[in-house]
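The values are calculated or read from the model by the stated rules, or taken from the named source; none is laboratory data. Here the structure is a predicted model, which is why all the values come from computation and not from measurement. Because the Cβ atoms are built from the backbone with ideal geometry, glycine has one as well, and the counts that use them run over all protein chains shown.
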Amino acid sequence: MERESLGAVIARLRKEKGMTQLELAERMGVTDKAVSKWERDLSYPDTASFPRLASELGVSVDELMGNITENRKDSDSVRQIADTALKAVALAMGIATAVLSFMGNLPEKDGLSMLGIGLTCIAIHGFVFKREK
């Protein structure tokens, strides 16, 4: 079986059961708009409701979750934000340390702490993002 998004799995199973979005929504205690968002991968059911959702769709939780794919678009966006944030914090700490030191407004202990934060961000970035290549 080809892998599907969670929304596609919910829609497929709901249709196989002959249910409308409104019927599934009523059984789950949510609105039909919520079910529509689930099926379009715009939002997801609360994790505590997965057993009930699986039951209403006539499958086990393992079957419900077994063939889903990761939403690459969301995952890639989070990775890009994390990548940029780690680089930005490291750069900001270095620049702030240099400028404040030049102005004579930075105690040595604070400067070392700021540089430590920057170096930690660089190390985390290297560990997380360089390992993947």
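Every residue in segment 1-11 that is within 18 Å of residue 49 (Cα to Cα) and either acidic (Asp, Glu) or not in a loop (DSSP other than H, G, I, E, B) (or both), please. Matches in segment 1-11: 6, 7, 8, 9, 10, 11.
Residues in segment 28-41 that are closer than 11 Å to residue 6 by Cβ and assigned to a loop (DSSP other than H, G, I, E, B): 2 in all. No other residue among 95, 10 is more than 19 Å from the chain's Cα centre (by Cα), at pLDDT 90 or above, within 25 Å of residue 129 (Cβ to Cβ) and not basic (Lys, Arg) apart from 95. Note on segment 35-67: residues that are more than 19 Å from the chain's Cα centre (by Cα) and surrounded by 15 or more Cβ atoms within 10 Å (Cβ to Cβ) amount to 9.
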